[in-house]
1. Can you quote the Å³ per residue value for the convex hull of the Cα atoms in segment 414-465, rounded to an integer?
2. Under the rule of at least 5 residues apart or a separate chain, name every residue whose amide H is placed under 5 Å from the amide H of Q207.
3. With all distinct Cα pairs included, what does the Kirkwood hydrodynamic radius of the chain come out to in Å, to one decimal, could you say?
4. What percentages make up the Cα-Cα pair-distance distribution of segment 78-161 when the bins are 5 Å wide from 0?
5. Round to the nearest 10 and report in Å² the accessible area of I231, as given by a 1.4 Å probe over the protein chains' heavy atoms.
6. Could you order F78, F268 so the one with the most accessible surface comes first? Probe is 1.4 Å.
7. Using θ = phi - 60° and the Karplus relation 6.51 cos²θ - 1.76 cosθ + 1.60, list the HN-Hα couplings for segment 500-510 in order, rounded to whole Hz, with x at every Gly or Pro.
8. Would you mind calculating the gained length between E336 and A473 on full extension (0.36 nm times residue separation, minus the Cα-Cα distance), in nm to one decimal?
Amino acid sequence: MVGLKEELLKSIWHAFTALDLDRSGKVLSHNLCTVLNVPHDPVALEEHFRDDDEGPVSNQGYMPYLNKFILEKVQGNFDKVEFNRMCWTLCAKKNLSKSPLLISDEDAFKVWVIFNFLSEDKYPLIIVPEEIEYLLKKLTEAMGAGWQQEQFDRYKIALNTSREGLSAWELIDLVGSGQFSKGMDRQTVSMAINEVFNELILDVLKQGYMLKKGHKRKNWTERWFVLKPNIISYYVSEDLKDKKGDIILDGNCCVEALPDKDGKKCLFLIKCHDKSFEISASDKKKKQEWIQAIQTTVNLLRAGSPPPHKAARQKRKELRQKLLAEQEELERQMKELQTANENKQKELETVRKQLEAAAARAAEEEKKRLQTQVELQDRFSLELEREKMVRQKMEEQVAQKSSELEQYLQRVRELEEMYKQLQEALEDEKQARQDEETVRRLQARLLEEESAKRAELEKWHLQQQQTIQMTEAEKQELENQRMIKERALQVAMQQLEQLELERKEALEQYEEVKKKLETAANNTKSWKDKVAHHEGLIRLIEPGSKNPHLITNWGPAAFTEAELEQRQKSWKGKKATSE
């Protein structure tokens, strides 16, 4: 009863949406009661359609009345064709296309009824492309034409881009336009529609002329037989106007072939619980088709299964629902994958920003190191200039004192010459010490830079090892950064090698300065010995003095006490500067 109610509701929905219920609701309800063989209830009808807030256009609506007073009372003892024709009459005039069609109004009515059978169980009613393809294939097969799959695929693609399916009136326009029945005349198309209508709507499984043997007079008469899911009806002719009887089928019935007899061929017997029917087909093929069709029908009755076309429709519907569920599940999985991908992209972006920040910090540290190096070089240059100025000043003072010595010590020119040579040796020693100090500082700086480069090299090496241990997905993305770090590492190695060479050159310079310093010290010691020896010789021949004498390396009373103090302060200042 639930399936019957759904079938009725589809036809009623078309009539319901085409009418103005304020004026025609009573007419629709009265006609439904008439064609469905439901007893009229004038009191309930007037109560529902009274003109107040509880009427059919109120919140109560028309459906509660339809369910309670009409549909729940339907017993199934009504003419489905007549019911559908009544609903068609109410809605066709308003909705049927005005453009000329290749099918008659009767054929349009049958297509409309087929639409209600094949449409989806949701409102507004539509027929999906899969059911459209099924219907058009059935019509093409009934017309004896070939199915044009490519043509329908193009039509299906154009349909899916705009909507989910067709309405009943759009389906009538499609069939009536002849788009999928080119080359067929109106009569062939009409016969095909009638054949599909009989199969899907009237449940006609097979029909045709055969001879039937009478039960009383035992004569053979030609009848038009119509096989349905639980009955075989036979008529005088195929117009179905004069019905002669029925063969009620159930699970206990059987059908079997009979040998030819009494001049009749292609015989078979239908056994029921109270009667048996002998029938003669026109040829062996028809005989086999009828036996197989009847046997299939009996088997379905035994199994309690619906007719084949209804079972096929249910399977197609279940398949669509399964595909829809799979599609929804696939969309859900795609959304989850997309979300996971977006999260992964965010994580990679975070890692990239962290790497960029680390690179920026490294660049900043390198910039600070270079700036510190430049500042140290400027400071060393400034100290070197200052040292040069001090040395120049000292040379000027020495030249001045030498001039004074020449004025006061004319008699010791040779000793003065020795003094100058000693002064030059001291300057060489001092210069050598300064060069040694410079080389030491350069060596210390080179060692510090080498240590820093080694630490940085170890740090890059550690980062490289960590990068290698990362996942395979991240390895591909970080490959370019690793190549950049390797190139930077090669540059750093080259710089380190250059610093090593510079350190070796500084060591060589240091060794050379050290040798010069040792040579200068030896020269100074030699000159000091010579001067001491010479001063001893001079003191032996120098006349004595009554005043106390100051003994220096330059002889007695060569400088005053004040001059010696000033010279001693100068030496201490130079020594502090050199240290």
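The values are calculated or read from the model by the stated rules, or taken from the named source; none is laboratory data. Remember, predicted model here, so these are calculated numbers, not experimental data. As a convention, Cβ positions derive from the backbone with ideal geometry for all residues, glycine included, and neighbour counts pool all protein chains shown. Ligands, DNA and RNA are excluded from the accessible area calculation, which covers all protein heavy atoms including side chains. Shrake-Rupley method; radii C 1.70, N 1.55, O 1.52, S 1.80 Å.
1. Convex hull volume per residue, Cα atoms: 28 Å³.
2. When sequence neighbours closer than 5 places are left aside, the close amide H contacts are L227.
3. Taking the inverse mean of 1/r over all distinct Cα pairs, the chain comes out at 37.2 Å.
4. P(r) over segment 78-161, rounded to whole percents: 3, 11, 18, 21, 24, 15, 6, 2, 0.
5. 30 Å²
6. Descending order: F78, F268.
7. Whole-Hz 3J(HN,Hα) from phi for segment 500-510: 5, 5, 4, 5, 5, 5, 5, 4, 4, 4, 4.
8. 47.4 nm
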